[in-house]
Amino acid sequence: MPSIELLEELALAAGPPGSEGEVRNIVRREIGNFGTVSHDALGSMIVEANGDAPGGRIVLDAHLDEVGFIVSAIDEEGRILFLPLGGWWGHVLLAQRVEVMATEGARLHGVIGCKPPHFLTPRERERVVKLESMYIDIGASTRAEVEDLGVGVGDPIVPLGLFSRLGESDRYCCKAFDDRVGVGLLIEVFRDLFTSDDPPASPVIAVLAVQEEIGCRGAATASYISQPDVAIILEGIPADDIPGTKQRQGVLGKGPQIRFSDPTALSNRSLVKLTKEVARREGIPCQIAVRKSGGTDAKSVHIHGRGVPTVVIGIPARNIHTHSSVIHWPDYLEGVRLVTALVRELTPQKVAGLTEY
Ligand SMILES: [Zn+2]
């Protein structure tokens with residue numbers, strides 16, 4: 001049975017792009033004994049189960065990193081200035097708490113400072129504050145104090161989150177569901193497959209990619225090790241059930257999303273068809289998406305080598321790229337069922353059939 005405690009641990013772990021170690025260690029603990037563990041030179045982790053088996057190599061990809069920040073300067077009054085690592089909107093940041101991961105090892109709580117409404121001019125009230133003019137207060141009054149705490153230019157920063165159930169619902173709120181729901185799905189699917197009496201015979205390779213939020217970099221380098229014949233990208237995707245949207249393709253409670261396309265990748269049509277057939281047969285609700293914005297690790301994976309048939313399966317999450325994204329737990333459970341059944345469906349013959357033209 002998928003574990004909510006595992007998802008909580010994953011979501012609360014700190015993993016800004018380039019500093020994904022905490023999340024990587026959880027994954028290694030959970031699935032490292034199901035196969036051979038290796039890493040690419042950027043830090044992505046690859047767990048290869050049944051590596052020597054004949055048949056198409058099935059890659060499951062989720063990214064370890066989350067949107068964060070990097071220290072760009074420290075001013076003379078001890079404020080930390082920063083740049084984003086990944087996509088942020090100024091509106092969601094003022095007065096939010098963050099954790100500075102100092103080079104020397106200290107983990108320091110801070111808060112992004114802002115003007116109180118009392119001091120705002122009418123014009124300032126209408127505007128979104130730019131990240132370049134924000135600062136983090138870690139309780140220091142001088143640059144020397146900040147430096148004495150071990151903080152320097154280049155140190156990573158992550159949102160500080162709280163994991164909570166909303167009311168008595170099946171909805172949970174935390175930072176980093178993009179992409180810790182994907183990482184969680186991957187772990188649960190691996191556990192289902194390789195603790196069962198009938199594990200799959202094909203090679204199944206978990207790729208935990210680094211640096212997705214700044215350009216799907218780890219997914220590109222890890223592909224040289226994982227050598228996928230088919231890839232399933234697992235994501236926490238933006239829910240679009242917000243006021244004013246009409247054509248909704250990522251609604252909480254309507255099951256996992258099968259993404260056909262976005263500006264970075266087109267899913268393989270035969271693989272999408274197979275995924276939909278598996279969902280129908282297993283009675284798993286799902287939503288089909290054609291997105292005019294956004295992107296996933298499919299961007300890098302589907303054009304690796306001579307090309308890789310790829311599909312993106314996402315769990316809708318509201319408010320992603322903030323401190324407080326929201327998912328519907330049954331969507332996650334259905335996602336585990338769908339991906340597990342799809343991997344079982346991908347026999348060597350079916351994988352070969354995906355690229356018969
Ligand atoms: Zn993501």
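The values are calculated or read from the model by the stated rules, or taken from the named source; none is laboratory data. Please read all numbers here as calculations on a predicted model, not as lab measurements. Positions of Cβ are generated from backbone atoms using ideal geometry, with glycine treated the same way; all protein chains shown enter the neighbour counts.
Brief remarks follow.
- Verdict on LYS246 being assigned by TED's automatic domain parsing to the domain that holds LEU338, more than 14 Å from LEU60 (Cβ to Cβ), outside any loop (DSSP other than H, G, I, E, B) and away from the ligand (no atom under 16 Å from the Cβ): no
- Against the list (1) touching an Asp or Glu at 6+ places or on another chain (Cβ under 7 Å); (2) without any contact (Cβ under 8 Å) to a residue 60 or more places away in the chain; (3) of a type outside the set (A, V, I, L, M), the condition GLY218 fails is (2).
- Candidate set from the stretch 183-205 (those that are within 20 Å of LYS350 (Cβ to Cβ) and of a type in the set (A, V, I, L, M)); member that is farthest from the ligand (Cβ to nearest atom): ALA201
- Failed criterion for ILE187 (all others in (1) in the same structural domain as LEU333 (by TED's automatic domain parsing); (2) in a loop (DSSP other than H, G, I, E, B); (3) of a type in the set (A, V, I, L, M) hold): (2)
Table: residues versus (1) at pLDDT below 95; (2) within 16 Å of the ligand (Cβ to nearest atom).
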{"site": "LEU64", "(1), (2)": "no, yes"}
{"site": "ILE70", "(1), (2)": "no, no"}
{"site": "GLU76", "(1), (2)": "no, no"}
{"site": "PRO84", "(1), (2)": "no, yes"}
{"site": "LEU94", "(1), (2)": "no, no"}
{"site": "ILE112", "(1), (2)": "no, no"}
{"site": "ARG123", "(1), (2)": "yes, no"}
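- Within the stretch 211-225, the set of residues being out of contact with any Lys or Arg (no Cβ under 7 Å at 6 or more places or on another chain) and either within 12 Å of the ligand (Cβ to nearest atom) or small (Gly, Ala, Ser) (or both) comprises GLU212, GLU213, ILE214, GLY215, GLY218, ALA219, ALA220, ALA222, SER223.
- Residue selection: ARG143 satisfies the criterion of being closer than 27 Å to LEU85 by Cβ and surrounded by 15 or more Cβ atoms within 10 Å (Cβ to Cβ).
- Enumeration of residues in the stretch 226-243 that are among the aliphatic types (A, V, I, L, M) and either touching a His at 6+ places or on another chain (Cβ under 6 Å) or away from the ligand (no atom under 16 Å from the Cβ) (or both): VAL230, ILE242
- Qualifying positions in the stretch 148-182 - at positive phi and either away from the ligand (no atom under 16 Å from the Cβ) or of a type in the set (D, E, K, R) (or both): GLY150, GLY154, GLY167
- Checked against the criterion of being farther than 20 Å from GLU66 by Cα, part of a helix (DSSP H, G or I) and touching a Cys at 6+ places or on another chain (Cβ under 8 Å), the stretch 327-341 has at least one qualifying residue.
- Filtered residues of the stretch 72-104 (kept if of a type in the set (S, T, N, Q) and touching a Ser or Thr at 6+ places or on another chain (Cβ under 9 Å)): GLN96
- So THR310, is it at pLDDT 95 or above, in contact with a His (Cβ under 7 Å, 6 or more places away or on another chain) and buried (at least 17 other Cβ atoms within 10 Å of the Cβ): yes
- Among the residues listed as GLY244, GLY250, GLY255, GLY283, the single one being on the phi > 0 side of the Ramachandran plot and under 20 Å from the mean Cα position of the chain (by Cα): GLY255
- Residues in the stretch 107-136 that are under 18 Å from GLY78 (Cβ atoms) and surrounded by 15 or more Cβ atoms within 10 Å (Cβ to Cβ): LEU108, GLY110, VAL111, ILE112, CYS114, MET134, TYR135, ILE136.
- Only one of GLY43, GLY18 that is under 14 Å from the mean Cα position of the chain (by Cα) and on the phi > 0 side of the Ramachandran plot: GLY18
- Total residues in the stretch 342-353, condition assigned to a loop (DSSP other than H, G, I, E, B) and surrounded by fewer than 20 Cβ atoms within 10 Å (Cβ to Cβ): 1
Quick grid of which residues meet (1) more than 15 Å from LEU185 (Cα to Cα); (2) surrounded by fewer than 17 Cβ atoms within 10 Å (Cβ to Cβ); (3) not aliphatic (A, V, I, L, M):
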| site | (1), (2), (3) |
| --- | --- |
| GLY21 | yes, yes, yes |
| SER38 | yes, yes, yes |
| SER44 | yes, no, yes |
| ASP61 | no, no, yes |
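- Qualifying positions in the stretch 257-305 - among the charged types (D, E, K, R), in a helix (DSSP H, G or I) and within 16 Å of the ligand (Cβ to nearest atom): LYS299
- Residue count, the stretch 8-25 (criterion: over 18 Å from VAL100 (Cα atoms) and free of Cβ contacts under 8 Å to residues at least 40 places away in the same chain): 2
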